[in-house]
Amino acid sequence: MLKDTLLYLAQNQRMRDFVVHNRATRSVSRRFVAGETLEDAILTTRKLNQRGNPVALDFLGENVFQESEAHEATRNYIAALNLIKQTGTNANISIKLTALGLDISKELCEENLDAILTQAREYGIFVCIDMEASNYTGQTVAMALKARQKFEQVGTVIQSYLYRSKDDIEELIKQNVRVRIVKGAYKEPPSVAFPNKKDVDDSYIEIMKMLLSRGNFPAIATHDERILGLARMYVRDHGIAPDTFEFQMLYGIRNDLQSKLVKEGFNVRVYVPYGAQWYPYLMRRMAERPANLMFVVSGSMRG
Ligand code: FDA
């Protein structure tokens with residue numbers, strides 16, 4: 001119930017204005033967001049690299065409705081590629097198709113995606129296409145498959161809460177597309193997604209095993225200790241080398257677990273969001289763990 005309310009508020013303009021303009025909530029958001037600028041994000045990346053974690057940089061922003069905004073987002077993603085290259089930091093990038101203009105036109109979005117992937121190819125930097133709400137899933141999978149025909153270093157994300165995901169995974173594995181498996185962070189109806197957590201987790205485990213056995217350098221993205229335990233057991237029992245996949249976790253969440261896995265010899269990439277458009281991202285993190293809400297509320301009262 002609280003989760004649904006938070007996911008609803010993630011789309012609410014009045015709430016967004018209140019949270020974004022409140023000095024205290026802005027400062028509290030720093031627990032989950034590296035900062036508002038690319039330079040903030042690179043600073044955080046350096047620290048994480050020193051700790052042994054490669055990074056996935058996520059320039060925050062989604063659902064643009066003006067062509068100029070889509071071009072600006074494209075420039076921002078390319079700026080991230082440039083700075084990663086210049087600074088020699090160990091990072092790749094994650095992008096969102098709705099930021100590249102998917103709601104405006106497929107052609108505009110593909111053109112912008114092509115520009116990013118061309119630059120990324122020149123630098124040898126991997127680009128992951130994040131997965132958004134279910135009304136974009138079909139287009140996202142199709143664009144990732146199409147882009148993969150031209151570019152090697154592109155992948156996408158599959159959400160275990162969707163009924164369709166096992167079919168998508170089969171196709172992506174067949175085409176050798178790199179996949180990050182996640183549970184899914186959006187509010188979805190029972191007509192498209194498992195309503196019960198147990199089914200989402202079971203689906204996650206099944207897809208994770210498919211990817212570990214047959215995928216191309218998959219990313220197992222979760223903070224779920226039980227699933228992480230099962231993953232470690234699975235790779236040990238099947239002789240899967242730790243350098244053939246990576247774990248991924250979000251910035252500011254379960255740092256203890258991130259360090260523990262690195263000490264055990266696993267790759268653990270940290271997903272680092274940055275930028276001024278942090279409100280919907282922050283609300284999705286609240287929805288995943290409403291206890292985080294207390295952290296924000298107490299922070300805003302102190303402020
Ligand atoms: P689950 O929600 O079951 O949580 C397991 C445990 O992890 C909790 O008990 C708690 O201890 C800890 N935990 C989880 N979330 C927390 C939080 N917010 N704060 C504090 N503790 C928390 N989704 C999507 O739809 N599209 C995408 O492209 C991506 N991309 C992505 C990249 C990466 C690197 C990660 C790790 C996640 C995503 N996600 C995503 C988000 C994903 O779908 C999911 O919402 C979160 O990872 C939370 O789910 P868990 O797998 O951690 O399990």
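Throughout, read-outs are computed from the coordinates displayed, never taken from laboratory work. As the structure is a computational prediction, the values presented were derived from the model and not from experiment. For neighbour counting, all protein chains shown are included, and Cβ atoms are generated from backbone atoms with ideal geometry for every residue, glycine included.
The GNM of the chain, with springs linking C-alpha atoms under 10 angstrom apart, assigns the highest mean-square fluctuation among Gln277, Gln86, Gln139 to Gln86. Residues whose amide H lies under 5 Å from that of Leu57, counting only those 5 or more places away or on a different chain, are Asn92, Ile93, Ser94, Val272; hydrogens are built 1.01 Å from N in the peptide plane. Checking the cross-link pairs Lys150/Lys174; Lys47/Lys187; Lys106/Lys174; Lys47/Lys174; Lys197/Lys263; Lys3/Lys146 against a 27 Å limit on the alpha carbon distance flags Lys47/Lys187; Lys47/Lys174; Lys197/Lys263; Lys3/Lys146 as lying beyond it. Looking at the range 200-303, the GluC sites (Glu not before Pro) that sit in a DSSP loop and have at most 16 other Cβ atoms within 10 Å of their own Cβ are Glu264. The GNM of the chain, with springs linking C-alpha atoms under 10 angstrom apart, assigns the highest mean-square fluctuation among Asp256, Asp224, Asp201 to Asp256. Result for the chain in a Gaussian network model with C-alpha springs under 10 Å: among Ile95, Ile240, Ile205, the largest mean-square fluctuation is at Ile240.
For the chain, the relative contact order works out to 26 percent when only alpha carbon pairs closer than 8 Å and six or more residues apart are counted.
In sequence order, the range 54-71 has phi-based couplings of x, 10, 10, 7, 10, 6, 6, x, 7, 6, 8, 10, 10, 4, 4, 5, 5, 5 Hz under the Karplus curve 6.51 cos²θ - 1.76 cosθ + 1.60, θ = phi - 60°, and Gly or Pro positions carry x. The share of C-alpha pairs in the chain whose separation exceeds 27 Å stands at 40 percent. Rounded to the nearest 5, the antiparallel percentage of DSSP beta bridges internal to the chain is 5%.
For the range 275-281, 3J(HN,Hα) computed residue by residue from phi via the Karplus equation (6.51, -1.76, 1.60; θ = phi - 60°) reads x, 6, 8, 8, 4, x, 4 Hz, glycine and proline entered as x.
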